[in-house]
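Peer 1: One structure, as C-alpha cells, below. Some questions next.
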Amino acid sequence: MQKLLMHSQFGQISYEDAGTGPVLVLLHGFPFSSSIFQQLIAALSHTYRMIAPDFPGSGSTSVISSPEVASMELLAQLIKIILDQEKIEQCVLVGHSMGGYVAMAFAEAYPGRLKGLCLLHSTAYDDTEEKRQARVRSIQFIQTHGSALFLKQMIPGLFASHYVHTHPEQVNEIVKQSQRIPAEMLIAYYKAMMKRPDRSYVLRTLRTPVAFVFGKEDTSLLLDQALAQVSLPGDSTVHVLGQTGHMSMIEQPRLSRLLGYFMDYCETYLSGT
Ligand code: MLT
C-alpha cells in the first residue's frame, strides 16, 4: 500500500510498503518512481517487507523547494526518515542506478542500518569525464526541447534492443509515467549525480554482504568499468545477466529469485549458518 508522510524539510514523502518479514528497501533510479518495482514487489512481498520510496518530484513525493540543493546525501536522509518513521532498525538496501548512488551515500552515513547492499545496474565510482559531458548535453537538450521529448528518446535506450522491439507497450508506459517528473527536478538530479564523489572506498569498509547485478547489454553502465568495483567488498556476489540492459526489474522476471537468494544470504550472514 502507498503511505504518505509529512516532513518539515521534504514536504510530502510517498512510499510503497508491502508484505511482512525481513525488510528490503528498493531505491529507484533516474527518471523513475517506486512504480518501476511493481513486479518485484508483487513477487517478493509474500516473503519480505518491501519498502520503495519515491524521490522528490516522483510518485506523490513533493518537489523540493530549492532543487539545486538535491544531492545523493539529501536523498539518503529521506531513506533514513522513512526507516525511522517505520521503526526499522536494519534493512537490505537495493539501489537501481541513481538509487545505487543514493544507497552508497546511505551506506557511508548509516552503515549500522544495513544488513546488505545491492547495486542494481549501478556503481560506487563517480562519473567519468565522458559521462559528465553527456549529462551536460542532456541538460541542454531538456532546456531547449523540454523533458517530454528528452524522456521519449532516452528511456528506450535503457532497455536491451530486443526488449524494446518485443515489448513496445511496456516501454511506452514507462516513458509516460516518467513524464510526470518536472523538468527542474530532472535537471537537479543530473547535477546532483555529476557532483557525487567516488564512494568505492565505502565498499571496502562495509561489514555486510554486497551484491552487484549488471546487464550484458547495458549501454548506460559499461560492464568493463563497473566490474572493477566487485572485488572491493569483503563479501561480494556478482550477477551478469544476459539479454538484459539497464532495467532488469522490468526485463528479467528472474531478478526476484536473485534478490530472494540475497535476502536469505544476508539474514543468515551474521549467524554464520
Ligand atoms: C539511472 O537509471 O538512474 C541513470 O541511468 C543513472 C545515471 O545516469 O547515471
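Just so it is clear, none of the values below were taken in a lab; they were calculated from the coordinates. Predicted model only: the values in this text are computed from it and were never measured. Methodologically, a virtual Cβ is constructed for each residue, glycine included, from the backbone with ideal geometry; neighbour enumeration extends over all protein chains shown.
Peer 1: Cut-off is 10 Å between beta-carbons; in what order do V238, V63 appear when sorted fewest neighbours first?
Peer 2: V238, V63
Peer 1: Right, here's the next one. Taking other Cβ within 10 Å of each residue's Cβ, how do Y163, Y269 sort, fewest first?
Peer 2: With the fewest neighbours first, Y163, Y269 line up as Y269, Y163.
Peer 1: For E68 and Q170, compute 0.36 nm times the residue count separating them, minus their Cα-Cα distance, and round to one decimal in nm.
Peer 2: 33.5 nm
Peer 1: Across the range 102-215, how many lysine pairs, 8 or more apart or on two chains, come within less than 24 Å at their alpha-carbon atoms?
Peer 2: Close lysine pairs found across the range 102-215: 6.
Peer 1: If you don't mind, there's one more thing I want to ask. Anyone know which of G95, G245, G19 comes out most mobile in the 10 Å Cα GNM of the chain?
Peer 2: Comparing G95, G245, G19 in a Gaussian network model of the chain, the most mobile one is G19.
Peer 1: List the aspartates and glutamates whose Cα sits under 18 Å from the Cα of K3, skipping any in the same chain fewer than 8 residues away.
Peer 2: In chain and number order, the partners are E16, D17, D54, D84, E86.
Peer 1: May I ask you to compute the full-extension gain from D264 to K195, defined as 0.36 nm times their residue separation minus their alpha-carbon distance, rounded to one decimal in nm?
Peer 2: Extra length from D264 to K195 when fully extended: 21.4 nm.
Peer 1: If you build a Gaussian network model of the chain, linking Cα atoms that sit under 10 Å apart, which residue out of V69, V25, V92 swings the most?
Peer 2: Result for the chain, Cα springs under 10 Å: V69 fluctuates most.
Peer 1: Okay, helix-only estimate at 222 nm for the chain: each DSSP H run of n ≥ 4 adds -39500 (n - 2.57), divide by all residues, round to 500 deg cm²/dmol; what do you get?
Peer 2: Per the formula, -12500 deg cm²/dmol.
Peer 1: Same structure, new question: Based only on other Cβ atoms within 10 Å, what is the fewest-to-most ordering of R135, R180?
Peer 2: Final ranking by Cβ density, sparse to dense: R180, R135.
Peer 1: Let me have the relative contact order for the chain, percent, based on Cα pairs under 8 Å that are six or more residues apart.
Peer 2: Computed over the chain, the figure is 20 percent.
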